[in-house]
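**Student:** Below: one structure in structure tokens.
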């Protein structure tokens, strides 16, 4: 591009900011007096915004945007604000950066004490120095119900926010050199519950549902691009958004609702259909409560015994050797009701230890692995193991992965899933006590639900999707995203206990492929990779099997998935496989582009070169 063309492009990007003299910090003068006609002014020369309080008045992209904090950090500075704890020691900046915190209104008015009261969408943004900027935007998104109070707090800096692989905003800006922002989903409920989504009178808080579902990430995108243009006097070359779980869902929302926002979307373990998958994460405890009398009726030893037995029964299908985790859940039909090694002697088994299970307890495993049904039944795993890309009519949602550890989902089920049931039923009493509302706080009334009642709340939640701001994010028509040249890369662990088994991702991909005209067509803009042994967003989730080694599956490491996406976007090199390794690099395997599956050819089972994708 010529110097003249570059200047024109920069001025065009700044046009909204130069529209009036109210943006005086960007203009050399407004001019004019009453002594006669003034000479024709020279063309205005835009000045870059500076990282100080002058930005607060100068950056006014619209009436809803307010900058609350601007702070420059120099190389060697401690990344801390006034309320940052001294321990652990805050990180130290290795490059110059600019921190900006802003609010996008109008928010939702209400009583100051109500979780549903919000001043708006809060954004924390980090800008590298112009010399260190790599011309990219790399925004990230939160999971769950969103709602991180630190993002809008001008005395603290976020840490440990999603996504789980790439890092936090300041780390991305500092280490990668990209502008990076994160938002709180439009609220900062300090209890971290779903209370924000219900107005004090018990009605649906459509404003904050919409902010969480779609508006917060879109507004963050618009403001990031506007501030980039004003701070660097040029637009970004590429824009990416990156998140896992609820953050992956927001990536899907961007592709579906705002297809021109990003060049590339990285969507990990996307929580498609929140109205159903959230409550279904309560199902493992719900089944124990209904059938065995207690949410945690099965002991840790019993859970480990049966899940470990499933691993040892099914982890040899790939190479003939025990892997320590199940490579392909679809091939595993393990049934503890027919396994004498786990059944107590009184139930016809051979296990006389305290960790043995009765037939009734063994049946709860099959129910949990199959997923919710309207009557709490589950077929024999040999007939239907529940690992269906298209669910059977009786299967209301997918169940837990066989061989996976139960602790993550049993713990998670005590929070967001119960809140979502209350929101699905529009009655706060079904939530736990932490769900606060003027009509009445949570009373754990989910315990009164029958299996039919559990099924009913799933259906009622799905029916409220539009009122919930389209939180379910299931629209398979990505034609506009494809036409805009966007690329989306998604990954999902096959041992994920929270968004179970990657089956919702597979199901959605099949629907997109059907609309787009087949796998070849959809793979031009959207690619899915399934990760054997991987839990929710990162790490392994496999119980130790008696006959198997401890699980150590090769997994995505660091920015590997993001790097594959940027290479696809910026060079056109679409990933057909991704080589993953264990943390100690002792084992490597291939991740296959869906719908292909990993196949062992010959040679060292620890080397990716011994495998192919078919």
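The values are calculated or read from the model by the stated rules, or taken from the named source; none is laboratory data. Note that this is a predicted model, so its numbers are computed, not measured. Cβ sites come from the backbone with ideal geometry, for glycine too, and all protein chains shown count toward neighbours.
**Student:** Residues of the stretch 113-166 being free of Cβ contacts under 8 Å to residues at least 40 places away in the same chain and touching a helix residue (DSSP H, G or I) at 6+ places or on another chain (Cβ under 9 Å), which ones?
**Tutor:** 117, 158, 159, 161, listed by residue number.
**Student:** May I pose another question? Kindly check whether there is at least one residue in the stretch 466-481 that is in contact with a strand residue (DSSP E or B) (Cβ under 6 Å, 6 or more places away or on another chain), over 29 Å from residue 329 (Cα atoms) and in contact (Cβ under 8 Å) with a residue 24 or more places away in the chain.
**Tutor:** Looking through the stretch 466-481, at least one residue is in contact with a strand residue (DSSP E or B) (Cβ under 6 Å, 6 or more places away or on another chain), over 29 Å from residue 329 (Cα atoms) and in contact (Cβ under 8 Å) with a residue 24 or more places away in the chain.
**Student:** Which of (1) in contact with a helix residue (DSSP H, G or I) (Cβ under 8 Å, 6 or more places away or on another chain); (2) outside any helix (DSSP H, G or I); (3) surrounded by fewer than 23 Cβ atoms within 10 Å (Cβ to Cβ) is the odd one out, the single condition residue 316 does not satisfy?
**Tutor:** All conditions pass for residue 316, except number (1).
**Student:** Of the conditions (1) closer than 28 Å to residue 78 by Cβ; (2) in contact with a strand residue (DSSP E or B) (Cβ under 6 Å, 6 or more places away or on another chain); (3) not in a helix (DSSP H, G or I), residue 186 fails just one. Which one is it?
**Tutor:** The single condition residue 186 does not satisfy is (1).
**Student:** Out of all the residues in the stretch 456-474, which are in contact with a helix residue (DSSP H, G or I) (Cβ under 8 Å, 6 or more places away or on another chain) and either surrounded by fewer than 16 Cβ atoms within 10 Å (Cβ to Cβ) or on the phi < 0 side of the Ramachandran plot (or both)?
**Tutor:** 457, 458, 460, 461, 462, 464, 465, 467, 468, 471, 472, 474
**Student:** Give 357, 387, 368 a once-over and let me know the one that is under 30 Å from residue 588 (Cα atoms) and buried (at least 22 other Cβ atoms within 10 Å of the Cβ).
**Tutor:** Unique residue meeting the criteria: 387.
**Student:** Could you list all residues from the stretch 54-69 that are under 28 Å from the mean Cα position of the chain (by Cα) and closer than 17 Å to residue 126 by Cβ?
**Tutor:** Across the stretch 54-69, the qualifying residues are 67, 68, 69.
**Student:** So, in the stretch 319-342, of the ones that are in contact with a strand residue (DSSP E or B) (Cβ under 8 Å, 6 or more places away or on another chain) and outside any loop (DSSP other than H, G, I, E, B), which residue ends up nearest to residue 598 (Cα to Cα)?
**Tutor:** Here the answer is 336.
**Student:** Can you pull out the residues in the stretch 232-251 that are out of contact with any helix residue (DSSP H, G or I) (no Cβ under 8 Å at 6 or more places or on another chain) and part of a helix (DSSP H, G or I)?
**Tutor:** Across the stretch 232-251, the qualifying residues are 232, 247, 248, 251.
**Student:** Continuing with this model, one more query. Of the numbered conditions (1) buried (at least 21 other Cβ atoms within 10 Å of the Cβ); (2) at pLDDT 95 or above; (3) closer than 27 Å to residue 369 by Cα, residue 595 fails exactly one; give the number of that condition.
**Tutor:** (1)
**Student:** Same structure again: So which of 147, 76 ends up being surrounded by 17 or more Cβ atoms within 10 Å (Cβ to Cβ) and part of a loop (DSSP other than H, G, I, E, B)?
**Tutor:** 147
**Student:** What tally of residues in the stretch 206-235 results from selecting those that are under 25 Å from residue 567 (Cα atoms) and either under 21 Å from the mean Cα position of the chain (by Cα) or crowded, with 21+ Cβ neighbours inside 10 Å (or both)?
**Tutor:** Count: 8.
Here is a yes/no grid of residues against (1) in a loop (DSSP other than H, G, I, E, B); (2) farther than 25 Å from residue 388 by Cβ; (3) under 32 Å from the mean Cα position of the chain (by Cα); (4) at pLDDT 95 or above:
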| position | (1), (2), (3), (4) |
| --- | --- |
| 276 | no, no, yes, yes |
| 279 | no, no, yes, yes |
| 290 | no, no, yes, yes |
| 304 | no, yes, yes, yes |
| 309 | no, no, yes, yes |
| 346 | no, yes, no, yes |
| 354 | yes, yes, no, yes |
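**Student:** Look through the stretch 443-455, keep the residues that are in contact (Cβ under 8 Å) with a residue 60 or more places away in the chain and under 27 Å from the mean Cα position of the chain (by Cα), and return whichever of them is surrounded by the most Cβ atoms within 10 Å (Cβ to Cβ).
**Tutor:** The qualifying residue surrounded by the most Cβ atoms within 10 Å (Cβ to Cβ) is 446.
**Student:** Give the residue, chosen from 566, 577, that is within 19 Å of residue 610 (Cα to Cα), out of contact with any helix residue (DSSP H, G or I) (no Cβ under 6 Å at 6 or more places or on another chain) and at pLDDT 95 or above.
**Tutor:** Only one candidate passes the filter, namely 577.
**Student:** Name the residue, out of 577, 566, 582, 609, that is touching a strand residue (DSSP E or B) at 6+ places or on another chain (Cβ under 9 Å) and surrounded by fewer than 16 Cβ atoms within 10 Å (Cβ to Cβ).
**Tutor:** Within the list 577, 566, 582, 609, the selection yields 609.
**Student:** Might you let me know whether the stretch 456-473 holds any residue that is modelled with pLDDT of 95 or more, over 25 Å from the mean Cα position of the chain (by Cα) and assigned by TED's automatic domain parsing to the domain that holds residue 311?
**Tutor:** yes
**Student:** Residue 310: in contact (Cβ under 8 Å) with a residue 40 or more places away in the chain and crowded, with 23+ Cβ neighbours inside 10 Å, yes or no?
**Tutor:** Values: in contact (Cβ under 8 Å) with a residue 40 or more places away in the chain: yes; crowded, with 23+ Cβ neighbours inside 10 Å: yes.
Considered against the rule, which asks whether it is in contact (Cβ under 8 Å) with a residue 40 or more places away in the chain and crowded, with 23+ Cβ neighbours inside 10 Å, residue 310 comes out as yes.
**Student:** Among 114, 131, which is surrounded by fewer than 18 Cβ atoms within 10 Å (Cβ to Cβ) and part of a loop (DSSP other than H, G, I, E, B)?
**Tutor:** Exactly one residue qualifies, and that residue is 131.
**Student:** Scanning the stretch 324-347 for residues that are free of Cβ contacts under 8 Å to residues at least 24 places away in the same chain and in contact with a helix residue (DSSP H, G or I) (Cβ under 8 Å, 6 or more places away or on another chain), which turns out surrounded by the most Cβ atoms within 10 Å (Cβ to Cβ)?
**Tutor:** Applying the filter and picking the extreme gives 343.
**Student:** Name the residues in the stretch 348-358 that are touching a helix residue (DSSP H, G or I) at 6+ places or on another chain (Cβ under 6 Å) and under 14 Å from residue 303 (Cα atoms), would you?
**Tutor:** Residues satisfying the conditions are 355, 357, 358.
**Student:** Any residue that is part of a loop (DSSP other than H, G, I, E, B), outside the structural domain of residue 509 (by TED's automatic domain parsing) and either in contact with a strand residue (DSSP E or B) (Cβ under 7 Å, 6 or more places away or on another chain) or surrounded by fewer than 21 Cβ atoms within 10 Å (Cβ to Cβ) (or both) - is there at least one of those in the stretch 413-423? Break it down stepwise before answering.
**Tutor:** Residues of the stretch 413-423 that are part of a loop (DSSP other than H, G, I, E, B), as a first pass: 413-415.
Still in the list and also outside the structural domain of residue 509 (by TED's automatic domain parsing): 413-415.
The next check asks that each one be either in contact with a strand residue (DSSP E or B) (Cβ under 7 Å, 6 or more places away or on another chain) or surrounded by fewer than 21 Cβ atoms within 10 Å (Cβ to Cβ) (or both); those that pass are 414.
Within the stretch 413-423, one or more residues are part of a loop (DSSP other than H, G, I, E, B), outside the structural domain of residue 509 (by TED's automatic domain parsing) and either in contact with a strand residue (DSSP E or B) (Cβ under 7 Å, 6 or more places away or on another chain) or surrounded by fewer than 21 Cβ atoms within 10 Å (Cβ to Cβ) (or both).
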